[in-house]
Amino acid sequence: QVQLVESGGGLVQTGGSLRLSCAASTSISSIYDMAWYRQAPGEQRELVARIDINGSTHYADSVKGRFTMSRGNLKALTFLRMNNLKPEDTAVYSCAVQTLSRDYWGQGTQVTVSS
């Protein structure tokens, strides 16, 4: 069974940077779309960034110009580079992979930005 595992989260000061990674336990075929979501305590889950089958990226307005999503290869599926982090970026970040047959979700990694 395929599992997604995020890594790279942690505690960082305002203005700092982190690079999140999303890896799969085994190769996934027919990937259509990949995305990063985040959820802060008491808040709804929010789409942060998405990369489609053509490689086009889309970002939430709140992270445009600061976050960059990229594709990996094989099992290292996708990365999220986060620069100039702000306290409001504090959340659990999860990756999601959409294939032609089903979606896969990771458990998430905590990102905490101190002021």
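The values are calculated or read from the model by the stated rules, or taken from the named source; none is laboratory data. Keep in mind that this is a model prediction, so the values were computed, not measured. Cβ: placed from backbone, ideal geometry, glycine included. Neighbour counts: every protein chain shown. Just the protein is used for accessible areas: all its heavy atoms, side chains included, with ligands, DNA and RNA removed. Shrake-Rupley method; radii C 1.70, N 1.55, O 1.52, S 1.80 Å.
Once the piece of chain linking Ser29 and Gln44 is laid out straight, how much longer is it, given 0.36 nm per residue of separation minus the C-alpha distance between them?
On the way: separation 15, 0.36 × 15 = 5.40 nm, distance 2.97 nm.
Length difference between fully extended and current span is 2.4 nm.
In the stretch 1-63, carbon and sulfur make up what percent of the accessible area (probe 1.4 Å)?
Values: 1550 of 3630 Å².
So the carbon and sulfur contribution to the accessible surface is 43 percent.
Given R₀ = 35 Å, what would the calculated FRET efficiency be for Arg66 paired with Asp103, taking r from the Cβ atoms and rounding to 0.05? Walk me through the intermediate numbers first.
Details: r = 26 Å, r/R0 = 0.75.
After rounding to 0.05, the efficiency reads 0.85.
Over the stretch 52-115, what lengths in whole Å, largest first, do the semi-axes of the equivalent ellipsoid take, defined as the square roots of 5 times the eigenvalues of the alpha-carbon gyration tensor?
Details: eigenvalues 107, 43, 22 Å².
In descending order the semi-axes read 23, 15, 10 Å.
To one decimal place, what orientation-averaged projected area in nm² is obtained for the convex hull of the Cα set of the chain? Display every interim value, and only then the final one.
Numbers: hull surface 27.0 nm².
Approximately 6.8 nm², given one-decimal rounding.
Relative contact order, percent, of the stretch 1-108 when contacts are C-alpha pairs under 8 Å separated by at least 6 residues?
Answer for the stretch 1-108 is 36 percent.
Give, in nm to one decimal, the length gained when the segment between Thr14 and Thr57 is fully stretched (0.36 nm per residue of separation minus the Cα-Cα distance). Don't skip to the end; give the middle numbers.
On the way: separation 43, 0.36 × 43 = 15.48 nm, distance 2.50 nm.
Full extension from Thr14 to Thr57 adds 13.0 nm.
What is the list of residues in the stretch 79-109 whose amide nitrogen lies under 15 Å from a point 7 angstrom out from the Cα of Gln1, following Cα to Cβ?
103-107
Report, in debye and to the nearest 20, how large the dipole of the chain comes out about its Cα centre when Lys and Arg carry +1 and Asp and Glu carry -1 on their Cβ. Mind dumping the intermediate values first?
Numbers: 11 positive and 9 negative charges, 55 e Å.
About 260 debye.
Please give the per residue accessible area of the stretch 1-99, computed with a probe of 1.4 Å over protein heavy atoms only, in Å².
Details: 5270 Å² over 99 residues.
Value returned for the stretch 1-99: 53 Å² of accessible area per residue.
Which peptide among 91-102, 33-44 comes first, and what is the full order, when sorted by highest mean count of other Cβ atoms within 10 Å?
Going from most to least packed, we get 91-102, 33-44.
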